[in-house]
1. Counting only residues that are farther than 26 Å from Ala90 by Cβ and part of a helix (DSSP H, G or I), which one in the stretch 1-37 is nearest to the chain's Cα centre (by Cα)?
2. Among the residues of the stretch 48-69, write down those that are more than 18 Å from Ala37 (Cβ to Cβ) and not in a helix (DSSP H, G or I).
3. For Asp40, all conditions in the list (1) part of a loop (DSSP other than H, G, I, E, B); (2) farther than 16 Å from Pro100 by Cα; (3) without any contact (Cβ under 8 Å) to a residue 60 or more places away in the chain hold save one; what is the number of the exception?
4. Which of (1) more than 14 Å from Ser102 (Cα to Cα); (2) at pLDDT 90 or above does Met1 not meet, given it meets every other one?
5. Hey, among Ala69, Ala73, Ala83, Ala53, which residue is surrounded by 13 or more Cβ atoms within 10 Å (Cβ to Cβ), out of contact with any strand residue (DSSP E or B) (no Cβ under 7 Å at 6 or more places or on another chain) and within 17 Å of Val103 (Cβ to Cβ)?
6. Would you mind finding the one in Pro19, Pro33 that is under 13 Å from Arg63 (Cβ atoms) and free of Cβ contacts under 8 Å to residues at least 12 places away in the same chain?
7. Has the stretch 51-58 got any residue that is over 29 Å from Met1 (Cβ atoms), in contact with a helix residue (DSSP H, G or I) (Cβ under 7 Å, 6 or more places away or on another chain), among the charged types (D, E, K, R) and modelled with pLDDT of 95 or more?
Amino acid sequence: MRELSRHWSLPTWNKPATPCLASRVRYGIEVTPYRLARVDRAETAVRALLAEAGIDVTDLRVRDLGDSARVEADPPLVVRIAALAGLAEALADAGFAELPYSVEPFRSGRLNTEA
């Protein structure tokens, strides 16, 4: 698909994949509108924070793990993102205030191996 898109000079040929927000919720946890909206708000807030800090990220996910949250990003950026002032506040404002969080390397399909 990407090859055809690039061949046709479509501006979205290299746009990152955007899987369903439900893929950010750990298996066994009910997927609710509240959880989906919270993940969406968190990803939007973290992306804005990274842009403000001049950190260009390709892959970013906020995972709702039930009793915690996990920010996953490009592996070379994990340490910088974890140390970023305002990250805890961005997650809290998005609805993860009551949960601890971690910042770890992004790996597609990770929740599939944690079921």
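1. Within the stretch 1-37, the subset farther than 26 Å from Ala90 by Cβ is 1-14, 28.
Retained after the next criterion (residues that are part of a helix (DSSP H, G or I)): 2-7.
Numbers: Arg2: 22, Glu3: 26, Leu4: 27, Ser5: 25, Arg6: 26, His7: 30 Å.
The qualifying residue nearest to the chain's Cα centre (by Cα) is Arg2.
2. Residues satisfying the conditions are Ala53, Gly54, Ile55, Asp56, Val57, Thr58, Asp59, Asp67, Ser68.
3. (1)
4. The single condition Met1 does not satisfy is (2).
5. Numbers: Ala69 fails: out of contact with any strand residue (DSSP E or B) (no Cβ under 7 Å at 6 or more places or on another chain); Ala73 fails: out of contact with any strand residue (DSSP E or B) (no Cβ under 7 Å at 6 or more places or on another chain); Ala83 fails: surrounded by 13 or more Cβ atoms within 10 Å (Cβ to Cβ).
Residue meeting the stated conditions: Ala53.
6. Working: Pro33 fails: under 13 Å from Arg63 (Cβ atoms).
Unique residue meeting the criteria: Pro19.
7. The initial filter retains those residues of the stretch 51-58 that are over 29 Å from Met1 (Cβ atoms), namely 52-54.
Subset that is in contact with a helix residue (DSSP H, G or I) (Cβ under 7 Å, 6 or more places away or on another chain): none.
Checked the stretch 51-58: no residue is over 29 Å from Met1 (Cβ atoms), in contact with a helix residue (DSSP H, G or I) (Cβ under 7 Å, 6 or more places away or on another chain), among the charged types (D, E, K, R) and modelled with pLDDT of 95 or more.
Conditions tested, residue by residue: (1) touching a His at 6+ places or on another chain (Cβ under 6 Å); (2) of a type in the set (Gly, Ala, Ser); (3) without any contact (Cβ under 8 Å) to a residue 24 or more places away in the chain.
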| site | (1), (2), (3) |
| --- | --- |
| Asp59 | no, no, no |
| Pro75 | no, no, no |
| Val78 | no, no, no |
| Ala83 | no, yes, yes |
| Ala90 | no, yes, no |
| Leu99 | no, no, no |
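The values are calculated or read from the model by the stated rules, or taken from the named source; none is laboratory data. Quantities reported herein were computed from a predicted structural model and do not represent experimental measurements. Positions of Cβ are generated from backbone atoms using ideal geometry, with glycine treated the same way; all protein chains shown enter the neighbour counts.
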